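Data block below; observations after.
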Amino acid sequence: MPKDAAVEEFAGLVRALKARDGRSYEALGRRLSVSASTLHRYCSGATVPEEFAVVDRLALLCEVDEEERRALEAAWTEADRARRRAASPAPTPVPAVSAAPEANPEPSAPEPGPGPAPDPSAADLSAPEAPRARPRRGVPAPLFVVAVALVVLALAAALLGHRTHTESAAPLPFTWSIGSQLWEGGCAHTYLVDRAPRAVAPPPVTADSGEWAGTHGAVHGGEALVRITVQGRSPSDAVVLHALHVRVVDRAAPLPWNAYRMDNGCGGAVTPRHFAVNLDRPRPLARPVDGLDASGAEVRKIPAVSFPYKVTSSDPEELLVSARTVGCDCRWYLELEWSAGGRTGTVRITDGGKPFRTSGTRGRPTYVHDSAEGRWITDPDSGKTRVTDK
């Protein structure tokens, strides 16, 4: 039998993403946590993923934009409905007992009033069922059963999609924004850049770090700091934040690029509270860490954010994430669980629709900028012989 058109369309989109990625079924399957054969069945249309999550990971891995991702999710939803229809048992056929009387209809007559019960022994077992046993109006019984089944399946699929992506069904009860080009203490950070020192511009001021990184194709080296600002839309109706999850969509060997430090060392009196993420773990967690304030005579602890946590329009919150790695070039994103007014959902936190990216710097040539000489020089703390760029 030919495949459902919705399944074919979805399979074509998955094949296109697989071709865009360029990896083998086995290599790509490992990154998606599915077997090579399962991924092949998705691409061929032999089966449809039971959840959108695996397709979402593939979309992130291929760095699709938000519009393409929504189209992919819509195609999966239709294909999933087709899969569920195919998996549902066919309704039991009902004999077409009305065929005989419809072929030779009798003249209409008033319905008889109550009378004596007929003698069962005298009944003609070959005669069709009395007209009153047939539905007088509406669709025939078998079609009615099918219609009900389709409605139930459609509602189930809609609820499944709503549970996975609540935020796409209606406006969120809060706003959120991110900062992804932050430096520790406002001055300490390392970027990996695939350029020789002579082709790298001097360190920018922190406010221009995003433009500098974009111009140089820079990747966060060793650590990425991400600040998430969450604010409710109402001063009285609180939004409850329940958890922050880390999702790694791709791991590769650390980039073989040069490392450029934005400072020669700096520090501050305040260490902000944050969530520490070790990207080298198989399943990284966002671990809450206390902050420290040493600006006064005594060092004061700043308690870490503890979930569940409430925000309103008059009481927003900043969630700072410090994601570190030594041994991988990792692409990752965050998921923030929330609830408000009887609704629940999960917001996916990305870097403008793309995964965040952090790569280890161990063993890489490291440079600092000598403002007096106006050039990048080998970091004197790296243990290497000092050289200047010629």
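Brief remarks follow.
- Test: residue 11 is of a type outside the set (Ser, Thr, Tyr), loosely packed, with under 13 Cβ neighbours inside 10 Å and at negative phi: no
- Subset of region 212-239 [touching a residue at least 60 places away in the same chain (Cβ under 8 Å), within 28 Å of the chain's Cα centre (by Cα) and surrounded by fewer than 17 Cβ atoms within 10 Å (Cβ to Cβ)]: 227, 229, 233, 234, 237
- Some residue of region 344-361 being over 30 Å from residue 66 (Cβ atoms) and buried (at least 17 other Cβ atoms within 10 Å of the Cβ): yes
- Of residues in region 364-380 being over 40 Å from the mean Cα position of the chain (by Cα) and under 14 Å from residue 259 (Cα atoms), the one modelled with the lowest pLDDT: 380
- Among residues of region 22-39, those that are within 16 Å of residue 332 (Cα to Cα) and basic (Lys, Arg), counted: 2
- Yes/no for residue 57 being in a helix (DSSP H, G or I), under 15 Å from the mean Cα position of the chain (by Cα), buried (at least 19 other Cβ atoms within 10 Å of the Cβ) and not assigned by TED's automatic domain parsing to the domain that holds residue 250: yes
- Residues of region 60-73 that turn out to be acidic (Asp, Glu), in a helix (DSSP H, G or I) and under 15 Å from residue 349 (Cα atoms), as a count: 1
- Selection count where residues are under 16 Å from residue 257 (Cα atoms) and either part of a strand (DSSP E or B) or β-branched (Val, Ile, Thr) (or both), scope region 216-229: 4
- The set of residues from region 246-258 being among the aliphatic types (A, V, I, L, M), more than 19 Å from the chain's Cα centre (by Cα) and part of a strand (DSSP E or B) comprises just one member, 252.
- Sole residue being in the same structural domain as residue 190 (by TED's automatic domain parsing), small (Gly, Ala, Ser), in contact with a strand residue (DSSP E or B) (Cβ under 7 Å, 6 or more places away or on another chain) and over 30 Å from residue 59 (Cα atoms), chosen from 340, 304, 276, 323: 304
- Residue satisfying condition, being among the hydroxyl-bearing types (Ser, Thr, Tyr), modelled with pLDDT of 90 or more and not in a strand (DSSP E or B), within set 344, 361: 361
- Residue ID - modelled with the lowest pLDDT, chosen from residues in region 17-54 that are part of a helix (DSSP H, G or I) and hydroxyl-bearing (Ser, Thr, Tyr): 37
- Only one entry of 243, 207 meets the criterion of being in the same structural domain as residue 278 (by TED's automatic domain parsing) and outside any strand (DSSP E or B), and that entry is 207.
The values are calculated or read from the model by the stated rules, or taken from the named source; none is laboratory data. Quick caveat, the model's predicted, so the values are computed rather than measured. Cβ: placed from backbone, ideal geometry, glycine included. Neighbour counts: every protein chain shown.
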